[in-house]
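Accompanying notes for the structure given below.
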Amino acid sequence: MGDIDREKPLISVIVPVYNIIPYLPRCIHSICRQTYEKLEIIIVDDGSTDGTSELCDELAAEDSRIRVFHKPNSGSSGARNLGIEKATGKYIGFIDSDDYIDEDMYEKLYEAISKYEVRCAQIGRDEVDEEGNQLPNICEPPVEDELIGSRDFLKELLMHRGDCSFCTKLIAREVFDDKEFFPVGVLNEDFHILVRKLSEIGDIVSLPGQKYHVFYRIGSNSRMESRKQFSRVFGDCVDNAEMVSEIVDNNFPEDEELRKIAFRFGVFQRIEYLLHIPTDMMVKNDSYVSQQYQAIVKWMRKNYWKSMRNPILTKKNKIYHTLFAVAPKTVRVVHKKLKKL
């Protein structure tokens, strides 16, 4: 048995950490309990100020596989990137510090990578809120193993059916050898880097079941407590739509279906932005949000007829596009009143 264990490659599990005392032990202990024991657990403390830094060191004292690095605060991407630089494993996994995983998750992911001879495997996730309620699935896992090519995986992402999270994946370390890591200061960073690396990753095997558990915590980057707050994630999602449109144009110039899907994705992301921006920010001034808002409205008007001719957009999408192209702020005010009724 010992010889078999030595033949297995090392997996590096990277956990970015910031002011997360109540939930960090559950997260780390779920990694330590993995049936795949050949792990190094890299905790990156991103400048915590609440005692989390000391807790990281205490957890490291419990298990020799844990390595802790402390750094000034720069966000989750910066912490992940340091973790990648420090990782020595052949494969890398990522876990968010308020989430937790089933004890056989990495065993299943590595077995799939070996069986299908791919660079990346993923498994399903579920979400639980602060009251313990099960939330609707973001992505539906397959009923059996599914091998997905990079083009089809991109298509599923753009249709909002695929899972862009790196937390549900085990991926070969060599994918990051080009030093293109997670963009610092950007939200929805998983989508950003995944779509850029899909052609290099190649086929991805998707497994049935839900072994990654997301803790839906109000107050995180994309989960604001009030409609008065406006997460930057919506603007970053629009930027990602621009990026993916360029990727499709460059990598799939003859793929008309994928180009239409990429355009549909751009419309959808802009509608989401316009549905979430507070109405008091829908004004003309020199602020970054105002300029971004004006650019989005201009795009909606410029691409109106292209949207109406797109067969992949739904009737509801086209109605929203029409309304937001004509009178975006008025639509939001009326929309708010109708929701109250």
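The values are calculated or read from the model by the stated rules, or taken from the named source; none is laboratory data. Keep in mind that what you see is a predicted model, and the values were worked out from it rather than measured. Glycine gets a Cβ as well: all are built from the backbone with ideal geometry, and neighbour counts include every protein chain shown. SASA here: full protein model, heavy atoms, side chains in, ligands and nucleic acids out. Shrake-Rupley method; radii C 1.70, N 1.55, O 1.52, S 1.80 Å.
With the simple spin-label model, which puts each label point 7 Å out from Cα in the Cβ direction, the residue 306 to residue 196 separation comes to 2.3 nm. What is the log10 of I(q)/I(0) for segment 1-87, computed with the Debye formula using one identical point scatterer on each Cα and no solvent, at q = 0.11, 0.16, 0.18, 0.24 Å⁻¹? Per q value, in the given order, log10 I(q)/I(0) is -0.30, -0.60, -0.74, -1.18.
Considering only alpha-carbon pairs that sit under 8 angstrom and 6 or more positions apart, the relative contact order computed for the chain is 15 percent. Normalising the average separation of contacting C-alpha pairs (under 8 angstrom, six or more residues apart) by the number of residues puts the relative contact order of segment 111-226 at 46 percent. Straight-line reach from residue 329: taking Cα to Cα under 29 Å and skipping same-chain neighbours fewer than 8 places apart, the lysines in range are 228, 260, 284, 298, 302, 306, 315, 316, 318, 337, 339, 340.
Its relative contact order, with pairs defined as Cα atoms under 8 Å and 6+ residues apart, puts segment 63-155 at 11 percent. Shown here for segment 169-210: trypsin sites (Lys or Arg not before Pro) in loop regions (DSSP other than H, G, I, E, B) with at most 16 other Cβ atoms within 10 Å, namely 179. Relative to the first principal axis of the alpha-carbon coordinates of the chain, what is the inclination of helix 328-340, with its axis defined by its Cα atoms, in degrees from 0 to 90 and to the nearest 10? Approximately 70 degrees, to the nearest ten. Taking amide H as placed 1.01 Å from N in the peptide plane, residue 67 has its amide H under 5 Å from the amide H of 41, 42, 43, each at least 5 places away in sequence or on another chain. Restricting segment 250-283 to GluC sites (Glu not before Pro) that sit in a DSSP loop and have at most 13 other Cβ atoms within 10 Å of their own Cβ leaves 254. If you sort 314, 168, 322 by accessible surface, 1.4 Å probe, largest first, the order is 314, 322, 168. Across the chain, the volume of the C-alpha convex hull divided among the residues equals 158 Å³ per residue.
Spacing of the modelled spin labels on residue 280 and residue 62, each 7 Å from Cα toward Cβ, amounts to 4.4 nm.
Counting DSSP beta bridges with both partners in the chain, what percentage is antiparallel, nearest 5?
Details: 12 of 39 bridges.
DSSP beta bridges in the chain are roughly 30 percent antiparallel.
The alpha carbons of segment 21-137 give a radius of gyration and a Dmax of 15.0, 44 Å, in that order.
Say R0 is 56 Å: what FRET efficiency, to the nearest 0.05, do residue 70 and residue 333 get from their beta-carbon distance?
0.75
Bridging of residue 71 to lysines at a Cα separation below 28 Å is possible for 38, 86, 90, 169, 179, 197, once same-chain residues fewer than 8 apart are set aside.
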